[in-house]
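The values are calculated or read from the model by the stated rules, or taken from the named source; none is laboratory data. Every value quoted in this text rests on a predicted model; they were computed, and no experiment measured them. When we count neighbours, we look across all protein chains shown, and the Cβ atoms used for this are built from the backbone with ideal geometry, even at glycine. These accessible areas exclude ligands, DNA and RNA; they are computed on the full protein's heavy atoms, side chains included. Shrake-Rupley method; radii C 1.70, N 1.55, O 1.52, S 1.80 Å.
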Amino acid sequence: MAAVRERLHGWGRTAATAAEVRELAAAELPEAVRTAGPRGALARGLGRSYGDAAQNSGGTVLRLHGPVGDAAAGPVDPVAGCVTVAAGTSLGDLLVAIVPQGWFVQVLPGTRHVTVGGAIASDIHGKNHHVEGSIGNHVLSMRLLLADGSVEDIAPDRRPELFWATIGGMGLTGVVLDATLRLLPIETSRMAVDTDRLPDLDAVFAAMTEGDDRYRYSVAWIDLLAKGAHLGRSVLTRGDHARLEQLPPGSGDPLAYRSRQLVAVPPIVPTPGLLNHATIAAFNELWFRKAPRHREGELVGTGTFFCPLDLVGHWNRLYGRQGMLQYQFVVPFGQEATMRRVIERLVASGTASFLAVLKRFGVANLAPLSFPSPGWTLALDIPAGSHGLGEMLHELDQVVLDAGGRHYFAKDAHTTPAAIRRGYPRLDEWRAVRDGVDPGRVWQSDLARRLDLLERSSEM
Amino acid sequence: MDNALGQPQTIVLLGGTSDIGLAIVRELLSPATRAIVLACRDTSKGERAAGELRSDSVVVEVVPFDAADPSSHAALVEGIGGRYGDIDVVILAAGLLGNADVTTVDVAAATELATVNFTGSVSVTVAAANLLRAQGHGAIVILSSVAGERVRAANPVYGGTKAGLDGFAQGLGDLVAADGVHVLVVRPGFVRSAMTAGLKPAPLSTTPEHVARLTVKGLRAGRRTVWAPGALRYVFSALRHVPAPIWRRLPLG
C-alpha cells in the first residue's frame, strides 16, 4: 500500500491539488482509514467528475483495485434481475459482462468510464431520468465502509437515512465497497432511435413536453451558438432498446457487444487548445445540418447513443492547458422562461459551448443531496479561460437559484457555499446523518472544503 | 479552495498596506472571496485599507506583522491558518526601497533593509510554504523587482535583496510544485506608488493596478514569472548581457 504524493484534478483539468494517493485492495482500507491524517481520506474512482469532487488536497486519496474483466461483476440473478458488483468497477466493464446475457444498467450517463462507487456518490442520471430516475433508485443494497473501519450493509429498508445520505453524498459518508444493482432486461444490444431536428427553443420545449413520455430515453443537443430566430435550435434524439423483431434478419448475435474507442487525444495540445469559438461554431453547424429533419427507428449501437464522446479518448485535453468547466443546473417545470433567459445570456456572451444538452427530469428520489428534481436541466462545457466567465456564471447562478433551481455537485467547479445552501435546503439534514457516522471528519474532499459541505451552518 | 476559474476564497497579504499588494487583492476579489488577512506593521493604516475591502460576504482582518522580526513569522502564519482554514493565496509585498545614499554607507541601515527585504521575506515565505504544502494547494506571489535582475549602482542593497529573494522564490517554486503549491515571481519595473513617491519615474513605468492585472492573469495561467510591464522582460534580457564597462556608463538612474 504505497502512498505517492500526486497532483490530481477532475475531468475539467482545472484547480489541481496534491494528495497522498494510495492504491489498495478493499481489505487494506480499514488500515488506510485508521492512519489518515488530519485532512482525512476520500475514495476516487475514474476521475470523471468535472471539478474537485474526487480530490482531497493534503489528505489521503484511496484508489481501489477493482476486479476487472469477467470478474467485474458477480453472476446476474435472472429472477430478481440484479447483480452485485465491486464499487471500483466501471459501468463500461459491467456492460461488457452483462449485455451478452441480455441485461443493461438502469442508468447510464454520458460516459461509460465511471465507477459504480462514483455513480452512487454522485447519484448520476441518464437520458431516462424522466422515466426511471437516477441510479439511487436502482441500488437494492450496498456495503459501506465507515470511518471507524466497520462495514455496514445498507438498503432503502436497512439504515435508510444512511443509505440515502450515501446516494449523492459525494463519498463523504464512507467508501462504498460493493452494490447490488437492479438491471434492465434487453433483447438486443442495439438502440432504436427517433431523431428530430427542431428549429428553436419553443419547438424543443413543446416536442419534449408532449412526447417524452412515449420514450425511455430522451435528450436534446442544443446549439448554443445559434442566435435570434434560431435560438435554442436542437437535435432531439429519443429511443429505446431495440426489440428482437426490430433487427433486420441475418444481423448475427443480437446481444453482441463491444466497447470501443476510435482515437485518443495526445497529452500535449497546442495552447490555447483546439476548441475555440471558430472550431466549435463550425462543428455545431455541421452537426445540426447532418441531422435529419425527422427520422424514425434508426438502429445504432448503445455506445453511439449513450456515450458518443467515449469514442475519443481524453477528449477533455482538447481544451488545452486552462481546461474547461461544465455548468449544469436544473430549474423546475414552469420555469421555461428562466431557461430561455439563461440560454439567451450564454448565447449573448459568445461563450463557445460544444454540444450543450437539454433534458427533462422526472421525480426526485429521497436522497437529500441528489441533484435531479422535476424540471429542465441544461449541461454545457465552457473553456475555463473564457473572458468574463466568472461574472457570467455568478449571474446565472442567481437566476437559477431565484427560479428554485440548483447545481450538480459532480459537475460544479465554480459556485459558492451560499448557492449550495439555497439549492439544497436539506443540507443540514444530510450533515446530521453524516456527522453521526463520521464525527471525527475522516471523509473530506476539496469539493466539501470549497462548498462548506461539512460545516453546520449557523449563519443560515 | 480556489475554484476552476482561479478565484481564491482566502487571501493573505503580507505587507498589508502595500499599494501593489492591495491592488492584487482587489483584482482577486470575486463572489468566491470569503476572507482577507492584511498583515502589516502599521495596523491603523491597514484598518483603513480593510474598510475598503470589507463587505457582507467578505471578512477582513488586520494583524500586526513585522518583517524584521523573523522569529514571529511561523506563529503568525499558523495563527491565520488556524482561524481561517486553508489559505489559497499568500502575497508577499512587504519591502522597503531604502535611501541608497544611506544604505550604501551606513551599516545599520543596510542591515535593516536586508533584514526586511530578504531575511524576513524568506522566513515568512518558508512559514507560508510549510502551511500550503501541508494543505496540498495554494499560491504564493512574491513581489520581486526588475532591480534584482541586474543590480545597479544606483541602489545596490535594494537590488541585491531583490536578486536574492527572486532566486530563492524560483528555487522554492520548483521544490514545492509537487506539493500542489504554485509560486509566482512578479518583477515590476518602476511603479508609481507610495514607495516611489517623489522619485522621477523611469521609462516603462507602470501602476499598481496594471501590475495587479498581469499578476492575476499570470496566476491563473500557472506562470512562474510575470514582468510588469511585459516589455521589461525583453529590455532586461538584453541589459543582463551588456558588458560591465558599458553597463556602468548607462544612464540608469
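Structure values in brief
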read-out	value
Filter pass, A:LEU369 being buried (at least 22 other Cβ atoms within 10 Å of the Cβ), closer than 26 Å to A:ALA16 by Cβ and at pLDDT 95 or above	yes
Any helices (runs of 4 or more DSSP H) falling wholly within region B:25-110 and containing at least 3 residues that are open to solvent by 50 Å² or more (accessible area, probe 1.4 Å) and farther than 30 Å from A:LEU454 by Cβ	B:43-53
Of all residues making up region A:153-205, the number that are without any contact (Cβ under 8 Å) to a residue 40 or more places away in the chain, charged (D, E, K, R) and in the same structural domain as A:VAL116 (by TED's automatic domain parsing)	4
Hits in region A:306-322 (condition: away from chain B (no Cβ under 14 Å) and either crowded, with 18+ Cβ neighbours inside 10 Å or part of a helix (DSSP H, G or I) (or both))	A:PHE306, A:CYS307, A:PRO308, A:LEU309, A:ASP310, A:LEU311, A:TRP315, A:ARG317, A:LEU318
Qualifying residue in region A:104-115 (condition: crowded, with 19+ Cβ neighbours inside 10 Å, under 21 Å from the mean Cα position of the chain (by Cα) and assigned to a helix (DSSP H, G or I))	no
Top-ranked residue of region A:232-280 - restricted to ones that are of a type in the set (Ser, Thr, Tyr) and in contact with a helix residue (DSSP H, G or I) (Cβ under 6 Å, 6 or more places away or on another chain), ranked as least open to solvent (accessible area, probe 1.4 Å)	A:SER234
Number of the exception - B:ARG133 against (1) over 30 Å from A:GLU455 (Cβ atoms); (2) open to solvent by 60 Å² or more (accessible area, probe 1.4 Å); (3) not aliphatic (A, V, I, L, M)	(1)
Test result for A:ARG63, more than 14 Å from every other protein chain (Cβ to nearest Cβ) and of a type in the set (Lys, Arg)	yes
Some residue of region A:323-337 being under 30 Å from B:GLN7 (Cβ atoms), open to solvent by 60 Å² or more (accessible area, probe 1.4 Å) and hydrophobic (A, V, I, L, M, F, W, C)	yes
Region A:421-446 - residue that is within 14 Å of another protein chain (Cβ to nearest Cβ) and farther than 15 Å from A:PHE329 by Cβ and, of those, surrounded by the fewest Cβ atoms within 10 Å (Cβ to Cβ)	A:ARG441
Long-range neighbours under 8 Å by Cβ, at least six apart or interchain, first residue among the aromatic types (Phe, Trp, Tyr) within region A:328-339, second modelled with pLDDT of 95 or more and open to solvent by 50 Å² or more (accessible area, probe 1.4 Å)	A:PHE333/A:PRO374
One residue from A:ALA403, A:ALA379 being among the aliphatic types (A, V, I, L, M), in the same structural domain as A:LEU318 (by TED's automatic domain parsing), at pLDDT 95 or above and farther than 28 Å from A:ALA278 by Cβ	A:ALA403
Residue list for region A:340-388, filter: out of contact with any helix residue (DSSP H, G or I) (no Cβ under 9 Å at 6 or more places or on another chain) and among the polar types (S, T, N, Q)	A:SER373
Region B:214-234 - residue that is farther than 18 Å from B:GLY138 by Cα and surrounded by 15 or more Cβ atoms within 10 Å (Cβ to Cβ) and, of those, farthest from the other protein chains (Cβ to nearest Cβ)	B:LEU232
Selection status of A:ALA43, within 19 Å of A:VAL442 (Cβ to Cβ), of a type in the set (A, V, I, L, M, F, W, C) and modelled with pLDDT of 90 or more	yes
So B:ILE87, is it under 20 Å from the mean Cα position of the chain (by Cα), within 14 Å of another protein chain (Cβ to nearest Cβ) and touching a residue at least 12 places away in the same chain (Cβ under 8 Å)	yes
Selection status of A:GLY88, open to solvent by 20 Å² or more (accessible area, probe 1.4 Å) and assigned to a helix (DSSP H, G or I)	no
Matching residues in region B:1-24 - criterion: being within 14 Å of chain A (Cβ to nearest Cβ) and not in a loop (DSSP other than H, G, I, E, B)	B:THR10
Out of A:ARG431, A:ARG421, A:ARG450, sole residue that is outside the structural domain of A:ALA352 (by TED's automatic domain parsing), touching a residue at least 60 places away in the same chain (Cβ under 8 Å) and either assigned to a helix (DSSP H, G or I) or within 25 Å of A:ALA19 (Cα to Cα) (or both)	A:ARG450
Residue check, A:LEU91 closer than 14 Å to A:VAL139 by Cβ and among the hydrophobic types (A, V, I, L, M, F, W, C)	yes
Selected residue [closer than 30 Å to B:LEU219 by Cα, surrounded by fewer than 20 Cβ atoms within 10 Å (Cβ to Cβ), within 14 Å of another protein chain (Cβ to nearest Cβ) and small (Gly, Ala, Ser)] from A:ALA413, A:ALA418, A:ALA348	A:ALA418
Within region A:7-42, considering residues that are closer than 24 Å to A:GLY273 by Cα and in a strand (DSSP E or B), the one farthest from the other protein chains (Cβ to nearest Cβ)	A:LEU8
